[in-house]
Amino acid sequence: MVAAINSYIPPSIRTDGLLVSGFTDSSSNSLENEFMIQFLIVPTAANHKGSDVKLAWLHTLKRRLQMHVKIHILLLFGTNLFCDKSRLTVHWKFLPLLQNFAEIRDFS
């Protein structure tokens with residue numbers, strides 16, 4: 001018999017999506033495979049223990065990923081948004097727009 005637990009789910013939280021429950025493979029091998037699939041990089045043994053990944057390593061990875069996102073945005077500037085006739089170069093004047101990455105959503 002399962003006891004009912006009183007809980008409140010705020011109306012803003014979707015409850016009709018995919019379930020995040022069930023069996024979880026917590027082996028190091030599965031962790032490494034999933035990181036390779038998702039990020040094309042695997043945490044070293046010093047950066048994870050079993051199925052746990054150090055948050056400091058994730059912060060480092062985040063900075064790297066932001067660099068890749070900035071490069072992608074710069075490519076969009078040069079190929080789709082503000083391309084020159086040759087479509088082979090992008091002007092450096094767009095780089096300052098990417099300096100404050102946290103506030104990029106405020107641009108119009």
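Numerical summary
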| item | result |
| --- | --- |
| Cβ-based exposure ranking for E32, E103, in which fewest neighbours within 10 Å come first | E103, E32 |
| Unit charges at the beta carbon, dipole of segment 54-108: most positive-side option, L65, F82, N100 | L65 |
| Relative compactness, segment 35-108, computed as alpha-carbon Rg over 2.2 N^0.38 Å | 1.47 |
| Phi to ³J(HN,Hα) by Karplus 6.51 cos²θ - 1.76 cosθ + 1.60 over segment 63-75, Hz, x for Gly, Pro | 4, 5, 5, 4, 4, 5, 5, 4, 4, 4, 5, 4, 5 |
| Hypothetical label at F94: residues of segment 52-83 whose amide nitrogen lies under 18 Å (7 Å Cα-Cβ projection) | 66-83 |
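Throughout, read-outs are computed from the coordinates displayed, never taken from laboratory work. Just so you know, these numbers come straight off a predicted model, no measurement behind them. FYI the Cβ positions are ideal-geometry reconstructions off the backbone, even for glycines, and counts take in every protein chain you see.
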